[in-house]
Amino acid sequence: MRRWAPVAVVGGLLAWTALATPLSVAVGEYFAYYDPQSDPERLEFHRDLAAHVYTTGHWLGQLVAALAGAWLVARSGVYRPATIGRAALAGVLLGLVTGAVAIAAGIRPMRTNGYPSVAADPTMLSEPALRWCLLASSVCFPLWAIIGAAIGGLMRRGGLVVSAAAVLCQPVTLLLVVGVVAPPSSHPVAVSLIVDTGRAALQMVAILLAWATVATAAAIVVGRHRRGTVETSRER
């Protein structure tokens, strides 16, 4: 992979996050509370819309985070504990930057779409349930990066492809409740389904943390086995 490729990928992610806000508004208005009549229902609609708008780019960003983890292992050629740390750091940075761009691009649309007149804070950024969803979705970035690194450590070839498939083929990409044991997605539609339950959004983190732990442990065991095999062959 050329040196400029990671910069181009991250730049493309941030550009998409900034430019896709109108699409997120349209999708959010379609999936938010159906036919709101009362002010509480309109407020719920506005909050659901915020979940879509402020998670713009998160799902694609987590795909990039998983690829970044696998790429770090492919570049170094070996899976080490230090690689896990670098992957996690890359995921954290991706999550922070993507989230900041999504919020910056989404504040104005939230003031002009939905039902801002019924909200004390039209941006909805002071809404606790929305904050829990944004926090949970952001934490998924480093976890996906760690999983990507683990996949890279488990596979001699094709780590990038398998990491991408792990993100793209989630049974819960659109409906989080379809498969509890599957890695969760922070696709805006999935996030919007749990935005009204507040801290329950942390189930995304809990499930993905379990998968990251299993994948990391497996990668460490496989890595030790490979090194032991190499050392034994050298002794012979």
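Is it the case that the range 152-161 has a residue that's within 30 Å of Arg75 (Cα to Cα), in contact (Cβ under 8 Å) with a residue 12 or more places away in the chain and within 15 Å of the chain's Cα centre (by Cα)?
The answer is no; no qualifying residue exists.
Here is a yes/no grid of residues against (1) within 21 Å of Leu14 (Cα to Cα); (2) open to solvent by less than 10 Å² (accessible area, probe 1.4 Å); (3) of a type outside the set (D, E, K, R):
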position	(1), (2), (3)
Tyr79	no, no, yes
Ala87	yes, yes, yes
Leu94	yes, no, yes
Tyr115	no, no, yes
Asp121	no, no, no
Leu125	yes, no, yes
Ala136	yes, yes, yes
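Restricted to the range 138-160, and to residues that are of a type in the set (A, V, I, L, M) and surrounded by fewer than 24 Cβ atoms within 10 Å (Cβ to Cβ), which residue is nearest to Leu23 (Cα to Cα)?
Ranking the candidates gives Val139 first.
Just to be sure, is Val7 over 18 Å from the mean Cα position of the chain (by Cα) and buried (at least 24 other Cβ atoms within 10 Å of the Cβ)?
no
Among the residues of the range 15-73, count how many are within 16 Å of the chain's Cα centre (by Cα), surrounded by fewer than 20 Cβ atoms within 10 Å (Cβ to Cβ) and over 18 Å from Ala100 (Cα atoms).
Residues that pass the stated criteria total 0.
Among the candidates Ala68, Ala82, Ala87, Ala8, single out the residue that is assigned to a helix (DSSP H, G or I), modelled with pLDDT under 90 and more than 20 Å from Pro188 (Cβ to Cβ).
Ala82
Return the only residue of Leu43, Leu19, Leu49, Leu23 being aliphatic (A, V, I, L, M) and closer than 18 Å to Leu94 by Cα.
Going through Leu43, Leu19, Leu49, Leu23 in turn, the sole match is Leu19.
All but one of (1) assigned to a helix (DSSP H, G or I); (2) at pLDDT 90 or above hold for Thr56; which doesn't?
Every condition holds for Thr56 apart from (1).
Ala217 - would you say it is assigned to a helix (DSSP H, G or I), at pLDDT below 90 and either surrounded by fewer than 24 Cβ atoms within 10 Å (Cβ to Cβ) or out of contact with any strand residue (DSSP E or B) (no Cβ under 9 Å at 6 or more places or on another chain) (or both)?
No; evaluated as a whole, the condition is false for this residue.
When you go through Arg131, Arg108 one by one, which is the residue that is more than 22 Å from the chain's Cα centre (by Cα), open to solvent by 40 Å² or more (accessible area, probe 1.4 Å) and either closer than 24 Å to Gln203 by Cβ or among the charged types (D, E, K, R) (or both)?
Result: Arg108 is the single residue among Arg131, Arg108 that is more than 22 Å from the chain's Cα centre (by Cα), open to solvent by 40 Å² or more (accessible area, probe 1.4 Å) and either closer than 24 Å to Gln203 by Cβ or among the charged types (D, E, K, R) (or both).
Quickly run through the range 11-44 and pick out the residues that are among the hydroxyl-bearing types (Ser, Thr, Tyr), free of Cβ contacts under 8 Å to residues at least 60 places away in the same chain and in a helix (DSSP H, G or I).
If the condition is that a residue be among the hydroxyl-bearing types (Ser, Thr, Tyr), free of Cβ contacts under 8 Å to residues at least 60 places away in the same chain and in a helix (DSSP H, G or I), then Tyr30 is the only one that fits.
Could you list, in sequence order, the residues of the range 97-144 that are assigned to a loop (DSSP other than H, G, I, E, B) and closer than 19 Å to Glu29 by Cα?
Asn113, Gly114, Tyr115, Ala119, Asp121, Pro122, Thr123, Met124, Leu125, Glu127
The values are calculated or read from the model by the stated rules, or taken from the named source; none is laboratory data. Computed from a prediction, not measured in an experiment: that's the story for all the values here. No Cβ is skipped: glycine too gets one built from the backbone with ideal geometry, and neighbour counts run over all protein chains shown. The accessibility values were calculated without ligands, DNA or RNA, using every heavy atom of the protein model including side chains. Shrake-Rupley method; radii C 1.70, N 1.55, O 1.52, S 1.80 Å.
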